[in-house]
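To start, the structure under review is shown below, and the notes come after it.
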Amino acid sequence: MLREKTLDILFIKITNHREAMPDGLRDALPYIDALLDAYNIPKLFVDGYEADDVIGTLAKKAEKKGFQTYMMTSDKDFAAAS
């Protein structure tokens, strides 16, 4: 329970300092979505979690099953998830 509270505090602290999504990226999202649909590439959304949290969770689960995983991102928060 204490760890969950700590994570909530960290999440609030991190998101308070997050820069807004660049307009160019926001404008591109519908096109990216359509492209993924056109190529039948599955998308995974988990309400209440950011992409780096979902990616990290999936990578850890894959490692436990013997897969070697690599994650690369310019997201400064990404390292905080490990």
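The values are calculated or read from the model by the stated rules, or taken from the named source; none is laboratory data. On a predicted model such as this, the values are computed, not experimentally measured, just so you know. Using ideal geometry, Cβ is built from the backbone for each residue, glycine included, and neighbour counts are taken over all protein chains shown.
Cβ-Cβ below 7 Å, separation at least six or inter-chain, first residue in region 42-59 and among the small types (Gly, Ala, Ser), second surrounded by 13 or more Cβ atoms within 10 Å (Cβ to Cβ) and part of a helix (DSSP H, G or I): which pairs? So the pair list comes out as GLY56/ALA81.
Residue by residue, here is whether (1) hydrophobic (A, V, I, L, M, F, W, C); (2) loosely packed, with under 10 Cβ neighbours inside 10 Å; (3) on the phi > 0 side of the Ramachandran plot holds:
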site: GLU19; (1), (2), (3): no, yes, no
site: PRO22; (1), (2), (3): no, yes, no
site: ALA28; (1), (2), (3): yes, no, no
site: ASP37; (1), (2), (3): no, no, no
site: ASN40; (1), (2), (3): no, yes, yes
site: LYS43; (1), (2), (3): no, yes, no
site: ILE55; (1), (2), (3): yes, no, no
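The chain holds helices (runs of 4 or more DSSP H) entirely within its bounds, and those carrying 3 or more residues that are modelled with pLDDT of 80 or more map to 23-38, 51-64.
For region 36-75, the set of residues classified as closer than 20 Å to ALA20 by Cα and among the polar types (S, T, N, Q) consists of THR73, SER74, listed by residue number.
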